[in-house]
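Worksheet: the structure to be examined is printed underneath.
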Amino acid sequence: MTIGQPLPRPDGPAKVTGRARYTADHTARGMLHAALVTATIPAGRITAIEIDAALREPGVVRVLTHRDMPDLGGSAPGGKANGNGNGKHDVLTGPPSAQSFLPMQDDEIRHEGQPVAIVLGETLEAAEAGAQRVRVRYAAAEPRMPGPQSWSALVPAAVKPRDSGFLFGEVVFEKPATDGRPPAVRVEASYFQAARHHNQIEPAAVLARWDGDALTVHDSTQHVYGVRQVLAARFRMPLDRVRVIAHHTGGGFGGKGWVWPHEVLAAAAARIAGRPVRLVLRRADQYSCLGYQPRVAQHIALSADTTGRLLAIEHDAINTTSISDDYVEYATDASKGLYASSAIRLSQRVERAHVAMPTPMRAPVEGPGTWGLESAMDELAHTLGLDPLDLRLVNYAERDPATGQPWSSKQLRAAYEEGARRFGWRERPRGARDGAWRIGHGMATCTMGTFRTPSSAAIRLRADGTAVVETGTQDIGTGTLTIVPQIAADVLGLSIEHVAVVIGDTVLPEAGPSYGSSSAMGVGAAVLRAAEDVRRKLARLIGLPPDGVEMAGGRIRRTGSGAGVAITDAMRGAGVSEIAGAGRFDPEQHGKGHAMRVFGAVFVEVGVDLELGLLRLRRAVGAYSAGRILNPRTARSQLIGGIIWGWGMAALEHSPLDPRLGRFVSKDLAGVALPVNADIPADIAVHFVDEIDELASPIGGRGIGELGATGVAAAVANAVFAATGLRIRELPITPAALVAAR
């Protein structure tokens with residue numbers, strides 16, 4: 001049995017030796033290199049673009065501006081007409097498009113870093129040199145910038161109606177009170193989280209090639225089918241004339257989940273030039289014209305009786321978004337699904353500004369949401385004189401608080417208990433010191449929604465006892481290339497070395513995106529069904545009951561019987577060289593009438609040196625209820641990575657925006673603090689509760705990739721309070737913040 005075994009990654013050697021080919025590794029005959037010229041102002045219009053000097057640069061072939069671009073359905077109303085004379089457009093206004101606004105369709109500037117020209121060169125050096133010589137003149141307008149870091153000073157706006165269902169949920173939710181008791185205690189506070197960027201190892205890249213009216217694209221993406229859909233719509237062509245390939249994506253974290261303007265512009269440039277075009281964004285471009293997690297402000301009020309039982313949760317959230325589109329960071333969702341409160345009132349608003357469009361970032365929604373909610377819960381526990389863990393147990397939700405539906409599975413009590421035991425929570429010392437370091441302990445609940453997408457897979461079992469799995473999912477480094485062959489090998493009775501996997505191409509069976517912690521459930525279930533289909537067909541081939549067989553050790557036999565027949569002998573004896581099976585996962589067929597979430601608890605110990613303003617993570621324990629764990633090794637890696645991600649959110653990561661220039665201050669890794677090895681202790685323990693959730697998916701698992709990143713920031717801030725008595729309500733917790741709060 002391979003499912004549940006801690007098998008190593010079969011793709012590991014290819015990645016560490018450089019044999020794995022990423023998007024920027026691909027070339028095409030006659031390929032041109034592209035470099036972007038980006039706007040230096042946040043708002044206004046282009047009055048002139050001087051390109052002659054760039055064209056004189058050796059190796060520069062062409063410079064494209066908005067005047068060269070075809071109508072791609074992306075300018076504002078009143079811009080380029082689509083032929084009907086009214087200036088309106090059939091634009092994509094939501095996912096998989098990151099935004100409806102497409103640059104280089106007119107002369108309007110909506111954010112600093114917006115692409116305004118594309119330089120095409122025979123070499124990358126020529127294109128970049130040419131881009132330096134393009135001169136753009138502007139008529140600047142007064143930009144709208146995000147307001148000050150104060151809840152009362154923010155000027156939010158209601159979410160535009162067309163965006164109210166923007167992927168995640170409701171912008172307003174209210175569960176009326178059923179208990180008329182007046183609260184004994186009420187805590188109320190505002191919490192702030194800074195904007196921060198994804199910083200993947202591989203920058204976004206795309207190689208576009210036209211063959212007549214057919215388009216082939218290599219793309220660094222988390223969803224090849226989403227790219228195909230958007231390109232087909234933008235270029236007004238059939239889906240089957242667009243092929244998108246992404247065998248390896250060098251990190252995503254949500255930043256490559258949706259389709260960004262550079263992907264469309266590269267394809268347009270290739271069509272205009274009549275040659276393939278490869279565009280690899282510079283690191284600075286990643287900070288200019290791609291998404292990021294927006295600044296989020298939250299105001300939370302919790303009312304409770306003397307036992308700590310919640311009588312009301314009030315949670316309002318405001319996040320920054322672009323001037324053209326509303327991205328909604330549904331931070332209130334955690335408050336809708338975590339605790340059994342008598343009344344719940346939630347609202348989401350946005351603050352529009354002349355900034356680049358935000359996007360989901362690893363653990364969107366509940367990542368920011370648990371920062372606010374779990375900090376407020378700690379404040380409530382302190383006010384009531386309760387242990388923070390006991391307060392959470394008092395408010396344990398046996399059913400979904402918002403809908404009243406039963407959970408598909410929930411073992412959070414066991415996670416609380418085991419996490420606390422392993423950490424020593426009940427025995428933790430108060431007021432401990434280690435030289436100049438004040439030691440504090442904090443905890444928080446972790447949770448994420450269960451995001452399920454339809455997926456398909458095909459498997460071919462060969463007469464030599466090997467198998468090939470084909471599915472259009474993507475590899476973003478999360479372990480997909482490990483668990484997919486594990487599932488197939490488990491059903492077909494093969495060793496994992498005998499199962500090959502082909503992924504990342506829209507010519508393959510369509511699979512869902514690699515975000516939202518959805519791959520294991522969707523793709524894994526489709527592979528399971530495809531393998532079962534193969535097994536049934538092989539059973540019929542040799543006269544065995546299709547649903548009464550099992551496969552192990554390269555053989556097929558009646559369930560519970562003897563040695564059985566070797567796969568190779570069975571297929572050769574029947575004169576069959578290959579058996580093909582197909583499988584599909586449809587979330588509508590699983591778990592109807594049930595609420596689904598993943599849960600956990602994280603416990604941390606920190607050290608604080610108030611004289612120097614230093615904060616250090618000393619140890620952490622996370623315990624999680626996430627359904628069946630397909631590979632404990634890759635799952636543990638995911639959760640440890642999530643805890644580190646949460647530590648970065650808590651103590652380091654911040655992309656400050658200069659309101660005078662309308663741009664992020666730092667646009668490279670030299671000016672941005674991220675967790676490195678020296679920041680992370682070796683003492684990080686991860687535990688999974690024994691659980692199988694077949695209502696969520698046939699494989700019994702739920703998503704884990706983002707769960708570990710939730711709750712950590714609040715646990716850290718709660719530990720800082722325990723160590724120092726300082727209640728920090730703004731992230732990241734910097735040395736300046738600690739010194740100022742003394």
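The values are calculated or read from the model by the stated rules, or taken from the named source; none is laboratory data. This is a predicted model, so every value here is computed, not measured. Reconstructed Cβ throughout: ideal geometry from the backbone, glycine too, with neighbour counts over all protein chains shown. All accessible areas refer to the heavy atoms of the entire protein, side chains included, with ligands and DNA or RNA removed. Shrake-Rupley method; radii C 1.70, N 1.55, O 1.52, S 1.80 Å.
Just one of (1) within 30 Å of SER495 (Cα to Cα); (2) surrounded by fewer than 24 Cβ atoms within 10 Å (Cβ to Cβ) trips up VAL469, so point out which.
Status for VAL469: all satisfied but (2).
Rundown of residues vs (1) under 30 Å from ILE323 (Cβ atoms); (2) among the hydrophobic types (A, V, I, L, M, F, W, C), yes/no style:
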{"position": "ARG181", "(1), (2)": "no, no"}
{"position": "ASP213", "(1), (2)": "no, no"}
{"position": "SER220", "(1), (2)": "yes, no"}
{"position": "ALA233", "(1), (2)": "yes, yes"}
{"position": "GLY255", "(1), (2)": "yes, no"}
{"position": "GLU263", "(1), (2)": "yes, no"}
{"position": "ARG275", "(1), (2)": "no, no"}
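Based on this model, can you work out whether ALA317 counts as among the aliphatic types (A, V, I, L, M), under 30 Å from GLN405 (Cα atoms), modelled with pLDDT of 95 or more and out of contact with any helix residue (DSSP H, G or I) (no Cβ under 9 Å at 6 or more places or on another chain)?
So ALA317 does not fit the description; no.
If you go through the stretch 647-668 one residue at a time, how many are over 20 Å from the mean Cα position of the chain (by Cα) and more than 24 Å from ILE41 (Cβ to Cβ)? Spell out the reasoning first.
If we filter the stretch 647-668 for residues that are over 20 Å from the mean Cα position of the chain (by Cα), which is where we start, we get 651, 656-668.
So of that shortlist, the ones also more than 24 Å from ILE41 (Cβ to Cβ) come out as 651.
Number of matching residues: 1.
Suppose the filter is farther than 23 Å from MET443 by Cα, open to solvent by 10 Å² or more (accessible area, probe 1.4 Å) and touching a Phe, Trp or Tyr at 6+ places or on another chain (Cβ under 9 Å); does ARG345 pass it?
Working: farther than 23 Å from MET443 by Cα: yes; open to solvent by 10 Å² or more (accessible area, probe 1.4 Å): yes; touching a Phe, Trp or Tyr at 6+ places or on another chain (Cβ under 9 Å): yes.
It is true that ARG345 is farther than 23 Å from MET443 by Cα, open to solvent by 10 Å² or more (accessible area, probe 1.4 Å) and touching a Phe, Trp or Tyr at 6+ places or on another chain (Cβ under 9 Å).
Can you pull out the strands (runs of 3 or more DSSP E) entirely within the stretch 226-334 that have at least 2 residues that are over 24 Å from the mean Cα position of the chain (by Cα) and farther than 30 Å from GLY648 by Cβ? Spell out the reasoning first.
Details: elements: 242-245, 277-280, 296-304, 310-322.
Where strands (runs of 3 or more DSSP E) fall fully within the stretch 226-334 and carry at least 2 residues being over 24 Å from the mean Cα position of the chain (by Cα) and farther than 30 Å from GLY648 by Cβ, they are 277-280, 296-304, 310-322.
State yes or no: is ALA312 under 12 Å from PHE173 (Cα atoms), aliphatic (A, V, I, L, M) and open to solvent by 10 Å² or more (accessible area, probe 1.4 Å)?
Numbers: under 12 Å from PHE173 (Cα atoms): no; aliphatic (A, V, I, L, M): yes; open to solvent by 10 Å² or more (accessible area, probe 1.4 Å): yes.
Judged against the criteria, ALA312 is not a match.
Could you count how many residues in the stretch 278-289 are open to solvent by less than 10 Å² (accessible area, probe 1.4 Å), more than 16 Å from VAL672 (Cα to Cα) and out of contact with any Asp or Glu (no Cβ under 9 Å at 6 or more places or on another chain)? Break it down stepwise before answering.
The first filter runs over the stretch 278-289 and keeps only residues open to solvent by less than 10 Å² (accessible area, probe 1.4 Å), leaving 279, 281, 285, 287-288.
Next, from what is left, pick out any that are more than 16 Å from VAL672 (Cα to Cα): 279, 281.
Then drop every residue that is not out of contact with any Asp or Glu (no Cβ under 9 Å at 6 or more places or on another chain), which leaves 281.
Matching residues across the stretch 278-289 total 1.
What do you reckon, is VAL689 β-branched (Val, Ile, Thr) and in contact with a His (Cβ under 8 Å, 6 or more places away or on another chain)? Walk me through how you get there before you give the answer.
Working: β-branched (Val, Ile, Thr): yes; in contact with a His (Cβ under 8 Å, 6 or more places away or on another chain): no.
Here the answer is no, as VAL689 does not meet what is asked.
For ALA126, work out the one condition from (1) of a type in the set (Gly, Ala, Ser); (2) surrounded by fewer than 17 Cβ atoms within 10 Å (Cβ to Cβ); (3) at pLDDT 95 or above it doesn't fulfil.
(2)
Can you work out which of the residues in the stretch 598-646 that are over 19 Å from the mean Cα position of the chain (by Cα) and of a type in the set (Gly, Ala, Ser) is farthest from ILE704 (Cα to Cα)?
If we take residues in the stretch 598-646 being over 19 Å from the mean Cα position of the chain (by Cα) and of a type in the set (Gly, Ala, Ser), then GLY613 is farthest from ILE704 (Cα to Cα).
Which one of the conditions (1) at pLDDT 95 or above; (2) open to solvent by 40 Å² or more (accessible area, probe 1.4 Å) does TRP151 fail to meet, given that it meets all the rest?
Here TRP151 clears every test but (1).
Can you name the number of the only condition in (1) crowded, with 23+ Cβ neighbours inside 10 Å; (2) within 15 Å of ALA714 (Cβ to Cβ); (3) hydrophobic (A, V, I, L, M, F, W, C); (4) out of contact with any Gly (no Cβ under 8 Å at 6 or more places or on another chain) that LEU389 fails?
(1)
Which one of these is of a type in the set (Asp, Glu) and farther than 30 Å from LEU657 by Cα: GLU398, GLU314? Lay out the reasoning, then the answer.
Working: GLU314 fails: farther than 30 Å from LEU657 by Cα.
Matching residue, one of GLU398, GLU314: GLU398.
Read through the list (1) open to solvent by less than 20 Å² (accessible area, probe 1.4 Å); (2) β-branched (Val, Ile, Thr); (3) in contact (Cβ under 8 Å) with a residue 40 or more places away in the chain, then give the number of the only condition that ILE476 fails.
ILE476 satisfies all of (1) open to solvent by less than 20 Å² (accessible area, probe 1.4 Å); (2) β-branched (Val, Ile, Thr); (3) in contact (Cβ under 8 Å) with a residue 40 or more places away in the chain except (1).
How many of the residues making up the stretch 502-515 are open to solvent by 20 Å² or more (accessible area, probe 1.4 Å) and in contact (Cβ under 8 Å) with a residue 60 or more places away in the chain? Don't jump to the end; show me each part of the working.
Quick first cut of the stretch 502-515, residues open to solvent by 20 Å² or more (accessible area, probe 1.4 Å) only: 502, 507-510, 515.
If we keep only those that are in contact (Cβ under 8 Å) with a residue 60 or more places away in the chain as well, we get 507, 509-510, 515.
Here the count works out to 4.
Sort through GLY613, GLY607, GLY646 and tell me the only one that's among the small types (Gly, Ala, Ser), more than 21 Å from LYS410 (Cα to Cα) and in contact with a Phe, Trp or Tyr (Cβ under 6 Å, 6 or more places away or on another chain).
Values: GLY613 fails: in contact with a Phe, Trp or Tyr (Cβ under 6 Å, 6 or more places away or on another chain); GLY646 fails: in contact with a Phe, Trp or Tyr (Cβ under 6 Å, 6 or more places away or on another chain).
Just one listed residue meets the conditions, GLY607.
From the residues in the stretch 347-395 that are small (Gly, Ala, Ser) and touching a helix residue (DSSP H, G or I) at 6+ places or on another chain (Cβ under 6 Å), which one is nearest to VAL155 (Cα to Cα)? So that I can check it myself, show each step before the final result.
Of the residues in the stretch 347-395, the ones small (Gly, Ala, Ser) are 347, 353, 356, 363, 367, 369, 372, 375-376, 381, 385.
Filter once more, so that each one left must be touching a helix residue (DSSP H, G or I) at 6+ places or on another chain (Cβ under 6 Å): 363, 367, 369, 375, 381.
Values: ALA363: 26, GLY367: 23, GLY369: 20, SER375: 24, ALA381: 32 Å.
Residue satisfying both the conditions and the ranking: GLY369.
Looking at VAL712, VAL676, VAL686, which is the one that is among the β-branched types (Val, Ile, Thr) and either open to solvent by less than 20 Å² (accessible area, probe 1.4 Å) or more than 24 Å from the chain's Cα centre (by Cα) (or both)? So that I can check it myself, show each step before the final result.
Working: VAL676 fails: either open to solvent by less than 20 Å² (accessible area, probe 1.4 Å) or more than 24 Å from the chain's Cα centre (by Cα) (or both); VAL686 fails: either open to solvent by less than 20 Å² (accessible area, probe 1.4 Å) or more than 24 Å from the chain's Cα centre (by Cα) (or both).
Of VAL712, VAL676, VAL686, the one residue that is among the β-branched types (Val, Ile, Thr) and either open to solvent by less than 20 Å² (accessible area, probe 1.4 Å) or more than 24 Å from the chain's Cα centre (by Cα) (or both) is VAL712.
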